[in-house]
Every structure is written in C-alpha cells, then in structure tokens.
1. Among the residues of segment B:80-105, write down those that are surrounded by fewer than 19 Cβ atoms within 10 Å (Cβ to Cβ) and out of contact with any Lys or Arg (no Cβ under 6 Å at 6 or more places or on another chain).
2. For A:LYS269, only one of the following conditions fails: (1) part of a strand (DSSP E or B); (2) within 14 Å of another protein chain (Cβ to nearest Cβ); (3) surrounded by fewer than 16 Cβ atoms within 10 Å (Cβ to Cβ). What is its number?
3. In this structure, is A:VAL240 more than 14 Å from every other protein chain (Cβ to nearest Cβ), of a type in the set (Val, Ile, Thr), more than 27 Å from B:VAL27 (Cβ to Cβ) and part of a strand (DSSP E or B)?
4. Which of the residues spanning segment A:272-293 are within 14 Å of chain B (Cβ to nearest Cβ) and either under 17 Å from the mean Cα position of the chain (by Cα) or of a type in the set (Gly, Ala, Ser) (or both)?
5. Specify which of the listed residues (A:SER319, A:SER296) is touching a residue at least 24 places away in the same chain (Cβ under 8 Å) and within 14 Å of chain B (Cβ to nearest Cβ).
Amino acid sequence: MVKQKKLSIFSLKTSIFFILTFFLIILYFYFSSYFEVNNVSKAYITNQGDNTVSIIDLETLKTLKTLKVGVAPLGITILQKKKLVFVGNVGTDDISVIDAVNDTLIKTIKLGTAPLSLASNPEEAEIYVTDWFQNNVLTISADEMKVTHRLKVGVTPSGIAYNKKYKYQVITNRDANTLEIYNEDCNLVKKIETGNHPFGVFSEGDFAYVANVYDDSVSIINLVDWSKYEFMVGAHPYNVKVHNKTAYVTNTIDDTITIYDLGTKKIIKILDTGETPENLDFNIKQNLLVVTNWGSDSISIFDTESFRHIKEIKTGSQSRSFGDFILQ
Amino acid sequence: MKKIIFTLLAILFSTLAFSHGPTPQKVQESVTIAASPEKTWEALKNYSEFEKIMKVRSFKDKLMKAKYELIKTDVPFSDYNAQIRVKKGKNDNESVVQWTARFYRTYKLNPPIPEGQDDATAVAAVKEIVGPGLVGFKKSVESQ
C-alpha cells in the first residue's frame, strides 16, 4: 500500500513537470517569433539627393542600413504581407524592389518613363505608378515583377491612392486641379474638381483626401454622393493621411504638421517638424508618426497619442518617401 | 578657375541625377559669423539687402528662422522658397547662418529641355544669389 502511494505521488510530480515543460516550450516558440528581426517595424526613406534608401528600425530608432537604389528615388509603396518595398527612381525611369526581410535589392523593373508616385493593391499584389510626363498609370504585377497594364489618364497625374473598399485608383491631376477616380476595370468613375495644385492624396472608406498646395487647404471628397468640403492648413501642404479619424497634413513651407479632427472638424494640434516636411506615415503598433524632412535631410518621429516629439533622425540627402513607407 | 570647375561639376551632377522628372532642387550654404546668435538674428531681421530680391514670409524668433519667397521674376528658376536660420557657433560669440533654397527649373514638360531652362542653369543661378548674399551679410554683421 505504502509503496503504491509513493509511486502515485512520483507520477503526479512527473506529470506536472512534463506539463510545465510543455507550456514553457509553447511560450518560447510564441515569443521567439515575436523577437525575430523579420517582425521589426521599419521605415524606408527615399533620399532623392544621393540615390539611396535609409532603412530605420522603429523600435530602436536606429538606422539599420543605407541601400543604393536607382537615380533620384522619390515614390514608395509596400506590400506588407509579401514584405516587398517598391521605390520609384525618376532619374533612371525604373522601380527598385527591396526584399524587406533581408533588406536587399532583389529586382529593378524598367519602366521607360519617370515614376512619380506609387500605391499598392494588397489583394491583387499589384502596384500602381503615376507617369507624370506621358499621362499614364502603370500597373505592375508583384508576382511577375513587370508592367502588365498602362492606363491613359488626365494630364499631370501626381499623387495616387488605392481605395480598398471600392477597389478604386484615386489620382490627382496637379496642373488640371482635378481628382480622377478609376474602378477595377480601369473605367473612369468620376472626375471632380479640387483646390489649386492638388498633390498628395489618401483614400479610405467612403472618402478621398487631397492636399491643395497653392490653396493651403485639404479637400475631403465623398466617394458616394461626390459632396466635398475643405479645411485650411499651413503653407503649401504636400501630403495628407488619416489615422484614427484624424487627418495629418505636412505643411512644407511652415515646417509643421497640421492635425485635424475629422469628427469635430477642428484643428487639434500643430507640430513643429524638421525643414520642408513632405510626407508622412504611421506605425500602427507603437502609435508613431514618421515625417520626412526634405530640407534637413532627416525624419521626425512623434507619438500619435500624446503628440510628443520623440526623435529626429538623420537620413540621406533630400528625404522624401512619397507614399506608404512603413513596414508594420 | 575654381568657379568654372564647380559649375562644370554642378552641371555634370545635375544631368546625371535629374535628367527627368519635376524634381525640386536644393541649394544649401552656410557661413560662420563672429557675433552671438542673438545679435546675428537681430541683424538678419533688419538687413534690407535680402529684401531686394526676396519677400519675407515669416520671422520665427524662438527658432531663429526666417522664411522668404522670391520677388524677382526674370530668373531662370521657379517656385523658389527659402529659409535662413541662425544657429549657435563654437562659442557664445559665434553663429552659423544657413541658407536653404528650394526651387524648380523653369521648363517642366517632356524632355528635351531647352537650353537655359534646365536644372543646372537653375542651380547655378540660385548659387549666384546665395553665396554672395551670405558673404555680404557676414560683412555687414561683423562691421557693426
């Protein structure tokens, strides 16, 4: 009897030991994937003045690498799931494709025309590129790594955004003061007037947001009933993006960001940036706002909850990153 | 001679880097002045020479930063905006004045770009304003 009791206690201890070990192994695998380099959020900054892309780790806030790309890189977009970064080089008329796992250049796609801005369609793994000089929007297939379609659009196509809800390509025509909306069959859905000199564009849900450079304003366009309204920002706004029902706008001449509450329709904050802030993007996990400063060759990082300035980091010459430039 | 080499390099660089695309050009030059940043900033605000070519957009005292736009129209560049900043030098009686200009060439359509309307011409013309401008301002402050 006594022997048997001892045996059962021993087996109970053994089983607890094994169960604990099992859980520890599970926990180890769960967290080890969390700490992998591959999952670090990074900012990719196109430096038009020195033909490079600065890659910045958004956890340590340090530059990981400076990658040589084509000549005069400007536009950028990222396919998040595929971890591919597309950079448009206006000097060499091509697209540099960066593998964001190892941060190496894996492909150069020849366009034969200058790419101004880029947007991505994650469902189809397609990249859309505005061609300023020949008034086209090119489609690049990320699987084939080549141009698969050319769509003739209105004059001076500049900014481009992809609206997931309606599968629309939304394009600003800078010198015509219009916004063009194309559906997935490449048919023009609507051409609508904007303010003077529309450049950067963002589109999400039922709306498109356009920065009107010469009017110091942003137009908000309803994609359902085509109604619109404007709000004033700082001098020469270049781009606009929306995060948590709040619009963020870069004011290139004021060296500031206007933060506008879309619910109350009021400016809630104006933040000082580096010199000539052009573009912006968000790190969702850590609530970071990253702004590229063309004038001071740097990026400014802010907390989107407290609006506190966290750090200014030196990049290459003439940092621009026109498009989505943060790997989440 | 130095100037010729510099211009040639500027032309070479510009044709290499910016033969296509509506790319903003940048000229950024600095000068060290033997005066405190406060004195230099006050002098800048009262300096009339710059206002013969540029119109003041704003003076930000806290940041010691002045913003300008262009008045002149007969120039081989367009969409010019500039800022002049006063920063601390190596000691209390030294300041660094930095002039950053952003502009485009005059021709913005498809290549070929007509002579005299290209990036190199625009950059050279802005350098002709910025370089001597800073030298003149330094003389003015240091002689006060």
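1. Across segment B:80-105, the qualifying residues are B:LYS87, B:LYS88, B:GLY89, B:LYS90, B:ASN91, B:ASP92, B:ASN93, B:GLU94, B:TYR104.
2. The one condition A:LYS269 does not meet is (2).
3. Spelling it out, A:VAL240 is indeed more than 14 Å from every other protein chain (Cβ to nearest Cβ), of a type in the set (Val, Ile, Thr), more than 27 Å from B:VAL27 (Cβ to Cβ) and part of a strand (DSSP E or B).
4. Correct list: A:GLY274, A:PRO277, A:GLU278, A:ASN279, A:THR292, A:ASN293.
5. Selected residue: A:SER319, the only one of A:SER319, A:SER296 that is touching a residue at least 24 places away in the same chain (Cβ under 8 Å) and within 14 Å of chain B (Cβ to nearest Cβ).
For every residue, the table says whether it meets (1) out of contact with any Phe, Trp or Tyr (no Cβ under 9 Å at 6 or more places or on another chain); (2) not in a loop (DSSP other than H, G, I, E, B).
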residue: A:VAL147; (1), (2): yes, yes
residue: A:GLY154; (1), (2): yes, no
residue: A:ALA161; (1), (2): no, yes
residue: A:ASP175; (1), (2): yes, no
residue: A:LEU179; (1), (2): yes, yes
residue: A:GLU184; (1), (2): no, no
residue: A:PHE199; (1), (2): no, yes
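The rows are residues; the columns are (1) over 18 Å from the mean Cα position of the chain (by Cα); (2) surrounded by fewer than 20 Cβ atoms within 10 Å (Cβ to Cβ).
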| position | (1), (2) |
| --- | --- |
| A:THR52 | no, no |
| A:GLU59 | no, yes |
| A:LYS68 | yes, yes |
| A:ILE95 | no, no |
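For (1) surrounded by fewer than 24 Cβ atoms within 10 Å (Cβ to Cβ); (2) acidic (Asp, Glu), each residue gets a yes or a no:
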site	(1), (2)
A:GLY234	yes, no
A:VAL242	yes, no
A:GLU275	yes, yes
A:ASN293	no, no
A:SER296	yes, no
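Since every read-out is calculated from the coordinates, none of them should be taken as a lab result. This one's a predicted model, so the numbers in the text were calculated from it and none came from an experiment. Please note: Cβ atoms are built from the backbone with ideal geometry, for glycine as well, and neighbour counts cover all protein chains shown.
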